[in-house]
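Note sheet for the following structure.
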Amino acid sequence: MLSVLVLHLMPRFMRFVFSRMRSLLQVSYTSWFLDAFNYAIATNMDVLNLSIGGPDYLDLPFVEKVWEITANNIIMVSAIGNDGPLYGTLNNPADQSDVIGVGGIDYSDHIASFSSRGMSTWEIPHGYGRVKPDVVAYGREIMGSKISTGCKSLSGTSVASPVVAGVVCLLVSIIPENKRKEILNPASMKQALVEGAAKLAGPNMYEQGAGRVDLLESYEILKSYQPRASIFPSVLDYTDCPYSWPFCLQPLYAGAMPVIFNATVLNGMGVIGYVHSPPIWHPSNEEGNLLNIRFTYSEVIWPWTGYLALHMQIKEEGAHFSGVIEGNVTVRVHSPPAQGERAVRTSTCVLKLKLNVFPTPPRSKRVLWDQFHSIKYPPGYIPRDSLDVRNDILDWHGDHLHTNFHIMFNMLRDAGYYIETLGSPLTCFDASQYGTLLMVDLEDEYFQEEIEKLRDDVINTGLGLAVFAEWYNVDTMVKMRFFDDNTRSWWTPVTGGANIPALNDLLAPFGIAFGDKILNGDFSNDDEQSRYASGTDIVRFPRGGYVHSFPFLDSSESGATQNLLLNSGMNKADSPILGLLEVGEGRIAVYGDSNCLDSSHMVTNCYRLLRKILDFTGSNIKDPVLFSKSVKQDMPLYEDDNHLSSRRTDVNFSMYSAVLGKDLICRTDSRFEVWGTKGYNLHIRGRNRKLPGYDVIDLGRGLNSTSDTSNSRHPKFTEKNKGDYFGNRYLGELDVPELVASQWLVPAVIAITGFVLFFSIWWIRQKRRRRRRSMSGRLANL
């Protein structure tokens, strides 16, 4: 007998948002689902459908209970979510590897606009998301029965998921009941579905997964199925575009950050498996030896699934190579013998690679995206960037190049730029390789070593810096506080749209700072209409820079809340929002809003402005409108310290930060040579000259030096220093730090000291010998 449980409730939204959304959605509590799951386990269910979901993959009681469900050999099918066409909007539990996540298509085999897109965001910032959904099924205008009588049309992944659950039930029914538990399990069923799915033409892997579910093909696979392990996806083909997006859009090249591909290991041999030896790369030809590949993977595979992440770099000898590298990655999985068996079950998984390789592009065209300093929901209340948006109060889409910034990524690639991702601190990249460091919508703090290195990278190494900030206003954050009935606690934003106090610390060596206004309005620049949505203003900028100001509404004056921003009672005033500056060997551009780059709630895009900024920061190409004489600063912008944004003292930010209370370390997303270290250029000796108005930056503090940026203070200006700042003289008087390699400095000092000591001892002995000879001569005369 086949037992099926179908749960088709309203979405299990964010744990703390229930009370806020009560007027719009039915409230559902985690405990309700735990009771239903316990019932499924107790009654030995075969298949469980969940037409529910929410972004809180850190709701551990729920997540762990799902693991318990699948560990008890219950096949779980779940809707991937209805937050499409936005990327990075997968819902839990469909985003778990042991669950069959289902997306929706229409009858023309087009991905439904409402169907959520991948990738998974659990692994960010140090890793890369997994491919989800697993499969797609018909989910638009599906005829179903009404609760009373008759039929009605239904749409949503909550409809597509039961379609796949029905397919699973049919596939289960073909296996004799006495052999069902021996052959069928969450992993073997997923293998049958993804290997039998029909790949659709057009959508990429993070939209369709393996493709449209195919009952007959999956039936043929299960009919002769023998327990084995496999990898999903089983192929990474850079020549298969658009399915292999974003990998097919940018080739590999020497000197780049590792490209990470995260695959799922499906172990149909047992609920637990082991990987005893590292995966192996088998190149198909001589060129394959140019690929330097490392692996991170699950040594213990439970329940039924694990991960295999490939970290791929091209060796330096391949800097001028152009072509295709092919080969296979193999990994061997072992599982305990099944009941009645004596031998350990063993299976070799194969992942086929076909990679495009390109000669290393010029520095000016290489852009590095800072992922490390981005904080998303969960675990904390990270508010949305645009306060105009009321139906989505959280920033939960990952803020990654391939999630809610994927359109910007595509645009930059079309413009000839090469974009790489940094998921480790700013000490973990070589600035001489990149034209621009792109920092967008960042919420975290910064290590003191990062601040010092970035200053040196820009001024002395010629790195370009482009910063897109967001709103930050403590009074507004306090007013966004609410009580959550589910957790019985008050929830308050842990930061604003961006962490302006931390950004101001980072930009302080350049004399740049953002304010705490929340600006809204339409403006025109170079005949291009744009929308400034809950952005901030620039309150400090050096003399000689170029600053653009526009009239906006400042909603912070009336206390912006979750309500719509009202126009009444607000005054428009010119506010500086865009600044461009040449400093030392490098160039800096700052802009107070990132919504024009974020596809989540974008009103108008600013891609044209971004290209102009990157042309300036990377190649020193100056757009005549941006660098008009009319916007050049004869006097610097300056705001007193007590008017700058301050950090919240009522929030334990270290709970959400990757910086506060943490070690500075380069992780597996950085170049192989700095894995497990503190990064580049930290053996610097000597001291820089003090910048007028700023504390001395000591570059000889050593590797183990860290600072608690939560207690960091803004630089204090004396009257003299303020005058120096206004005169902007420090940009011309800046002294280049004396870089002395620690490998020979210490031995040299010891050698010189030893020589001086040896010479002193020799000189004293010579003086004693001369005295003795003199005394002996006197005695002889007597």
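The figures follow:
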{"quantity": "Residue count for the stretch 422-432, restricted to those that are open to solvent by 10 Å² or more (accessible area, probe 1.4 Å) and under 23 Å from I124 (Cβ atoms)", "calculated": "1"}
{"quantity": "Breaking point among (1) surrounded by fewer than 23 Cβ atoms within 10 Å (Cβ to Cβ); (2) out of contact with any Leu (no Cβ under 7 Å at 6 or more places or on another chain); (3) more than 22 Å from L353 (Cα to Cα), for P233", "calculated": "(3)"}
{"quantity": "In the stretch 149-177, residue surrounded by the most Cβ atoms within 10 Å (Cβ to Cβ) [restricted to those that are of a type in the set (A, V, I, L, M, F, W, C) and part of a loop (DSSP other than H, G, I, E, B)]", "calculated": "I175"}
{"quantity": "Some residue of the stretch 477-492 being closer than 27 Å to M635 by Cα and either aromatic (F, W, Y) or not in a loop (DSSP other than H, G, I, E, B) (or both)", "calculated": "no"}
{"quantity": "Residue match in the stretch 279-287 (condition: open to solvent by 20 Å² or more (accessible area, probe 1.4 Å) and part of a helix (DSSP H, G or I))", "calculated": "yes"}
{"quantity": "Unmet criterion (only one of (1) under 29 Å from G380 (Cα atoms); (2) in a loop (DSSP other than H, G, I, E, B); (3) among the hydroxyl-bearing types (S, T, Y)) for S654", "calculated": "(2)"}
{"quantity": "Single unsatisfied condition, L401 versus (1) open to solvent by 10 Å² or more (accessible area, probe 1.4 Å); (2) in contact with a helix residue (DSSP H, G or I) (Cβ under 6 Å, 6 or more places away or on another chain)", "calculated": "(1)"}
{"quantity": "Contacts under 8 angstrom Cβ, first residue in the stretch 32-44 being free of Cβ contacts under 8 Å to residues at least 40 places away in the same chain and surrounded by 12 or more Cβ atoms within 10 Å (Cβ to Cβ), partner of a type in the set (F, W, Y) and part of a helix (DSSP H, G or I), 6 or more apart", "calculated": "F33/F62; L34/F62"}
{"quantity": "Hits in the stretch 302-318 - residues which are farther than 11 Å from Y253 by Cα and open to solvent by 70 Å² or more (accessible area, probe 1.4 Å)", "calculated": "W302, Y307"}
{"quantity": "Test result for L437, in a helix (DSSP H, G or I), of a type in the set (A, V, I, L, M), under 25 Å from F653 (Cβ atoms) and touching a strand residue (DSSP E or B) at 6+ places or on another chain (Cβ under 8 Å)", "calculated": "no"}
{"quantity": "Residue tally, condition outside any strand (DSSP E or B), charged (D, E, K, R) and touching a strand residue (DSSP E or B) at 6+ places or on another chain (Cβ under 7 Å), over the stretch 343-377", "calculated": "1"}
{"quantity": "Complete set of residues in the stretch 602-633 that are farther than 19 Å from G586 by Cβ, open to solvent by less than 80 Å² (accessible area, probe 1.4 Å) and among the β-branched types (V, I, T)", "calculated": "T604, V625, V631"}
{"quantity": "Yes/no for K479 being in contact with a Ser or Thr (Cβ under 8 Å, 6 or more places away or on another chain) and closer than 21 Å to C666 by Cβ", "calculated": "no"}
{"quantity": "Filtered residues of the stretch 603-633 (kept if of a type in the set (G, A, S) and in contact with a helix residue (DSSP H, G or I) (Cβ under 6 Å, 6 or more places away or on another chain))", "calculated": "G618, S619"}
{"quantity": "Scope the stretch 475-489; condition open to solvent by 10 Å² or more (accessible area, probe 1.4 Å) and within 16 Å of P61 (Cβ to Cβ); matching residues", "calculated": "N486, T487, R488, S489"}
{"quantity": "Output for the stretch 447-474, where each listed residue is open to solvent by 10 Å² or more (accessible area, probe 1.4 Å) and aliphatic (A, V, I, L, M)", "calculated": "I451, I459, V474"}
{"quantity": "Qualifying residue in the stretch 337-351 (condition: more than 18 Å from Y128 (Cβ to Cβ), small (G, A, S) and under 24 Å from the mean Cα position of the chain (by Cα))", "calculated": "no"}
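The values are calculated or read from the model by the stated rules, or taken from the named source; none is laboratory data. A quick note: this is a predicted structure, and the numbers were derived from the prediction, not measured. Virtual Cβ from ideal backbone geometry, glycine too; neighbours counted across all protein chains shown. Ligands, DNA and RNA are stripped out before the accessible areas are found, and what is left, the full protein with its side chains, is counted by its heavy atoms. Shrake-Rupley method; radii C 1.70, N 1.55, O 1.52, S 1.80 Å.
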